[in-house]
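Have a look at the structure below before the remarks.
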Amino acid sequence: MTPGVSAPLAAAVFTLLLIAWMLKAGAHLPLDRPNERSLHNRPVPRSGGLAIMAGIFAGFAMIGIPLAIVLPAAMLVVVSHFDDLRGLPIAVRFGAQFAAAVWLVAAMLSALPLPLLILIIVGIVWITNLYNFMDGSDGLAGGMTVAGFGFLAAGAWSSSDEALMIACVIVAAAGAVFLAFNFPPARIFMGDAGSVPLGFLAVALSLSGWRNGDWPFWFPAVVFFPFISDATLTLLKRMLCGKRFWQAHSTHYYQHLVQMGWGHRRTALAEYALMGLCGLGALWALGQPLYLQLSGAAVLAAVYTALAFLIDSAWRRHIKKNVETE
């Protein structure tokens, strides 16, 4: 059996076995208990990310993924799991994320100019957190893992980068197994131990493809655009309103959809459709002239701006209606 089949299969099987054990352990796992920011109404185990990452690392070991990617990701798993268990100060969490970003950049991109390296480090930390911010609704982060890394794998395949393609398929395979248990109604959550290192891997593998000449810088950004746009717009709005943007909240666009009655399942399916459109559009644009690539990016930005406006308007009407009925 070739590594292209055996490594993703091992990742999927390992993830499946660990999740099955976790669900059997049930009450002995850390639970995500409902609070004022939650979109769920019952305690749910939140250590699924440990199973995902264990499966990914098993697959990575079979194909020899560089330690410059594996070790920082493993460090983030450990730190984030402690955060899941007890809660860690923001300085510790951000310190670990910056350390992981610097580690990766020093190993992979040290020849680049210093200003660009700083921007990339900041970008790595942002995407690492972004994945965590978007893990707040059943099936959402799991779906992005399958779609996002799946489209990265397709991009690597189109460039004949077999090693990177297999690495991306490994992550997507582990994510697909988790999604089977996380699709609404979720039986297990990812937790920070999964969402934070997955965000890191999204950037690490994206940068690997860019460094190898597999795709331009914009390609992974378009693939992951549904996550990037929601989290970034929400952050900017909170900053403009003078709110503590680093604190947990329930004001993301996907959270508003759930709160307005769409529910987890309908919201997840809508997001999957957007993920698919972005991924297919990004693959199509790879082979197009620059002016078509730029035109496609402008259309995508316009579509998401319109969607954000529509959701904001619907949310204001929802709040007004609730106030009038009280």
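Expected output is a single nm value to one decimal: the length gained when fully extending between Ala306 and Leu119, i.e. 0.36 nm times separation in residues minus the C-alpha distance. What is it?
Fully extending the segment from Ala306 to Leu119 adds 64.5 nm.
Given the options Asp312, Asp138, Asp161, which has the most mean-square fluctuation in a GNM of the chain, springs set between C-alpha atoms less than 10 angstrom apart?
In this elastic network of the chain, the residue with the biggest mean-square fluctuation among Asp312, Asp138, Asp161 is Asp312.
Please list, in order along segment 205-218, the HN-Hα scalar couplings obtained from phi with the Karplus expression 6.51 cos²θ - 1.76 cosθ + 1.60 (θ = phi - 60°), rounded to whole Hz, x for Gly and Pro.
So the J values, rounded to whole Hz, are 6, 5, 5, 4, x, 5, 4, 7, x, 6, 7, x, 4, 6.
Along its three principal axes, how long is the chain when you only count alpha carbons? Whole Å, largest extent first please.
Extents along the principal axes: 61, 53, 37 Å.
Out of the total accessible area of the chain (probe 1.4 Å, heavy atoms of protein only), what percent is carbon and sulfur? Mind dumping the intermediate values first?
Details: 10440 of 15130 Å².
Heavy-atom surface of the chain belonging to carbon and sulfur, 1.4 Å probe: 69 percent.
Mean residue ellipticity at 222 nm from the helices of the chain, using -39,500 (n - 2.57) per DSSP H segment of n ≥ 4 over the full residue count, to the nearest 500 deg cm²/dmol?
Estimated from H runs of four or more residues: -25500 deg cm²/dmol.
Based on the Cβ-Cβ distance of Met239 and Val78, what FRET efficiency does E = 1/(1 + (r/R0)^6) give at R0 = 30 Å, to the nearest 0.05?
Once the sixth-power term is evaluated, E becomes 0.50.
Largest first, what is the accessible-area ranking of Lys321, Lys24, Lys243, Lys237 with a 1.4 Å probe?
Lys24, Lys321, Lys243, Lys237
What relative contact order, as a whole-number percentage, does the chain give when Cα pairs under 8 Å and 6 or more residues apart are counted? Display every interim value, and only then the final one.
Numbers: 435 pairs, mean separation 72.5, N = 326.
The value is 22 percent.
Where in segment 115-136 does the label zone of Val92 land, with the point 7 angstrom along Cα→C-beta and an amide N cut-off under 16 Å?
No residue passes the distance filter.
Which of these, Ala301, Ala176, Ala202, has the largest mean-square fluctuation under a Gaussian network model of the chain (Cα springs below 10 Å)?
Per the Cα network of the chain with a 10 Å cutoff, Ala301 tops the list.
Considering only C-alpha atoms, what is the centroid distance from segment 267-292 to segment 79-96, in Å?
About 34 Å separates the Cα centre of segment 267-292 from the one of segment 79-96.
So what's Rg/Rh here for segment 139-275, counting alpha carbon atoms and using the Kirkwood radius for Rh?
Rounded to two decimals, Rg over Rh is 0.99.
Using the Karplus equation 6.51 cos²θ - 1.76 cosθ + 1.60 (θ = phi - 60°), what ³J(HN,Hα) coupling, rounded to whole Hz, does each residue of segment 190-202 give in order, writing x for Gly and Pro?
6, x, 4, 5, x, 5, 5, x, 5, x, 4, 5, 4
What accessible area per residue, rounded to a whole number of Å², is obtained for the chain using a probe radius of 1.4 Å? Numbers along the way, then the final one.
Values: 15130 Å² over 326 residues.
Computed with neighbouring chains in place, this is 46 Å² per residue.
Quick one: 3J(HN,Hα) in Hz for segment 92-100, Karplus 6.51/-1.76/1.60 with θ = phi - 60°, rounded, Gly and Pro as x.
In residue order, the calculated couplings are 5, 5, 5, x, 5, 5, 5, 4, 5 Hz.
The values are calculated or read from the model by the stated rules, or taken from the named source; none is laboratory data. It should be emphasised that the depicted structure is a prediction, and the values quoted were computed from it without experimental measurement. Here the Cβ is made from the backbone with ideal geometry for all residues, glycine too, and neighbour counts use every protein chain on show. These area figures cover heavy atoms from the full protein model, side chains too; ligands, DNA and RNA do not enter into them. Shrake-Rupley method; radii C 1.70, N 1.55, O 1.52, S 1.80 Å.
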